[in-house]
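> Supplied in structure tokens, the structure appears directly below.
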Amino acid sequence: MAVYDLEEQEQISELKAWWAQYGKLITALAVAAAVASVGWQGWQWYQGKQAAEAGALYHGVEQAVGKGDSQKARELTGQLIGSYGGTAYAQMAALLSASAQFDRGDLENARAHLAWASTDGRDPALRDIARLRLASVLLQEGKLDEALKSLEAPAAAPLQARFADLRGDVLAAQGKPAEARSAYQAALDAVGNGGEGAATLREVVRVKLEALEG
């Protein structure tokens, strides 16, 4: 038994020495892991809360637009952008509100929401849509150079034909028929063989191209 007692004492001594050397580190790592776990859960809760609040505001924007209350839509969109600008809801609200402002003839506020959505919005696809709509508003306002600038960066494949078509409209408005024809041809090349929407766009662009050539 004395041999075993001696071995146990040696193991205990080694364990004590090991703990004296590494114990604080292990404790710190355990505490850090616990804090990280709690922090992650807190972050998840916060994200969920943000999404719920942003979703409620977006629903308000939808209702306001449905009722034709463009001012309310603009105010709620401003709240979304100010408090939840990092969410997709803010970007979608900006697009929806801009459409309501445009229909009401309020091009200035439509442009403001689209400018934000096209540069500060998180979703790349929604940024492209915002750039396209912003260029349309700028064309309506006669700000042709700014409209072209909005269309400069390459767009995602599904929107390339519409970008080229609108670029042709702006160039035609600038009195540049040759460049406009080139843009319209690019739109025809990009439109592809999609469904009814693609066929309609192809026919519209073809008519524009023929008008320039006539």
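FYI, it's all coordinate maths here, none of it is from the lab. Computed from a prediction, not measured in an experiment: that's the story for all the values here. Note: ideal-geometry Cβ built from the backbone for every residue, glycine included; neighbour counts use all protein chains shown.
> If you check 171, 166, which single one turns out to be in contact (Cβ under 8 Å) with a residue 12 or more places away in the chain, touching a Leu at 6+ places or on another chain (Cβ under 7 Å), at negative phi and part of a helix (DSSP H, G or I)?
Just one listed residue meets the conditions, 166.
> Another one. State whether the residues of the stretch 177-199 include one that is in contact with a Pro (Cβ under 9 Å, 6 or more places away or on another chain) and part of a helix (DSSP H, G or I).
The answer is no, given that none of the residues of the stretch 177-199 is in contact with a Pro (Cβ under 9 Å, 6 or more places away or on another chain) and part of a helix (DSSP H, G or I).
> Of all residues in the stretch 47-89 being without any contact (Cβ under 8 Å) to a residue 12 or more places away in the chain and of a type in the set (A, V, I, L, M), which is farthest from residue 99 (Cα to Cα)?
Filtering the stretch 47-89 for residues that are without any contact (Cβ under 8 Å) to a residue 12 or more places away in the chain and of a type in the set (A, V, I, L, M), the one farthest from residue 99 (Cα to Cα) comes out as 52.
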